[in-house]
1. On the basis of being within 30 Å of D222 (Cα to Cα) and not basic (K, R), does L50 make the cut?
2. State whether the residues of segment 247-268 include one that is surrounded by 20 or more Cβ atoms within 10 Å (Cβ to Cβ), of a type in the set (A, V, I, L, M, F, W, C), modelled with pLDDT under 95 and not in a helix (DSSP H, G or I).
3. Report whether or not R13 is closer than 20 Å to L130 by Cα and among the basic types (K, R).
4. Among what's in segment 269-285 and is over 21 Å from the mean Cα position of the chain (by Cα) and part of a helix (DSSP H, G or I), pick the residue that is nearest to Y210 (Cα to Cα).
5. I need the full set of residues from segment 102-113 which are free of Cβ contacts under 8 Å to residues at least 12 places away in the same chain and outside any loop (DSSP other than H, G, I, E, B), in order please.
6. For segment 149-168, name all the residues that are surrounded by 15 or more Cβ atoms within 10 Å (Cβ to Cβ) and part of a loop (DSSP other than H, G, I, E, B).
7. Which pairs have Cβ atoms under 6 Å, sit 6 or more apart or on different chains, and link a residue in segment 191-219 that is farther than 13 Å from A59 by Cβ to one that is of a type in the set (V, I, T) and in a helix (DSSP H, G or I)?
8. Being without any contact (Cβ under 8 Å) to a residue 24 or more places away in the chain and more than 17 Å from T8 (Cβ to Cβ) is the filter here, so list the residues in segment 275-295 that pass it.
Amino acid sequence: MSEFDLKTYLSRRKQLVEAALERIFPVASGLQKRVIEAARYSLFAGGKRLRPILCLAAAEVVGADIEPVLPAACALEMIHTYSLIHDDLPAMDNDNFRRGVPTNHKVFGEAIAILAGDALLTEAFEYFVLGGVSPDKVTEVIRIAVKAAGYRGMIGGQVIDLECEDRKVDLATVEFMHIHKTGALLSASLEIGAVLGGGDQAQTSALKNYGHHIGLAFQITDDLLDVEGDPALMGKTPGSDAAKNKMTYPALLGVARSRDAAREHVESSLEALAAFDERAEPLRAIGRYLLVRKG
């Protein structure tokens, strides 16, 4: 069996997602032009498109066609982008660059950046109902998205992150924070793909479990890149976590133990896929890639 070509797979899926975003997201026009322009600035500023790619991959794993899942995959990217715009604000992480370009508030001002994030989050829920899926599946998908994006997920994790600055916290708190801040939407992306793809309870649970471990592995490797990453590949300057006294895995465990923890979560993610056939190979390859990624 030949080695899976992850680079080509990710490139093609990214192109697919971006083409779908271009089709469905409004162009900047009318009296609301400025906020749409700001939303598009961040939505099309690059990025891996990991969450929509995971959503589509999960649908394929359970044997579905990805075309009806594309609107929901785009919605997940919109939610993720909104969170980045707000995270970068002076009241939050106060970052000047994201993906190698000035952050949204640096270009459009804080007020429009806030509204652009709000617009992306609000618009996302319209796209969950597109694609011709059944009402019961739409209801379940929205429930998953709300839990992952709200105070029980991403927002709750961000609150903990802010409150942990300049404080000593234990590993359990750091894990809880990242399970919610980063992992919740990643795991939800897989769960939503499985639900829209018609996966059964066991398949959906396995993919959600994979997402849980991938989310933690992704965050640990992200923390490691902030310590030793290449700015040219990352699109931002390393060291920002330490400068803000954020509690990260390397700060708590050291670099070597953090790498071990990432490896353990990747191994657990691969175990979660044990019951799936070769259609899960993209997900397996993504897991392995996290251990060697540079940006």
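The values are calculated or read from the model by the stated rules, or taken from the named source; none is laboratory data. Note that the coordinates shown come from a computational prediction; the quantities given were computed from them, not determined experimentally. Because the Cβ atoms are built from the backbone with ideal geometry, glycine has one as well, and the counts that use them run over all protein chains shown.
1. Yes: the conditions hold for L50.
2. Within segment 247-268, one or more residues are surrounded by 20 or more Cβ atoms within 10 Å (Cβ to Cβ), of a type in the set (A, V, I, L, M, F, W, C), modelled with pLDDT under 95 and not in a helix (DSSP H, G or I).
3. It is true that R13 is closer than 20 Å to L130 by Cα and among the basic types (K, R).
4. Once the filter is applied, the top-ranked residue is E271.
5. Step one: list which residues in segment 102-113 are free of Cβ contacts under 8 Å to residues at least 12 places away in the same chain, which gives 102, 106, 109, 111.
Result: P102, K106, A111.
6. Looking only at segment 149-168, we keep the residues that are surrounded by 15 or more Cβ atoms within 10 Å (Cβ to Cβ), and these are 149, 153-158, 160-161, 164.
G153 - this is the single residue of segment 149-168 that is surrounded by 15 or more Cβ atoms within 10 Å (Cβ to Cβ) and part of a loop (DSSP other than H, G, I, E, B).
7. G215/T182; A217/V266; Q219/T182
8. D277
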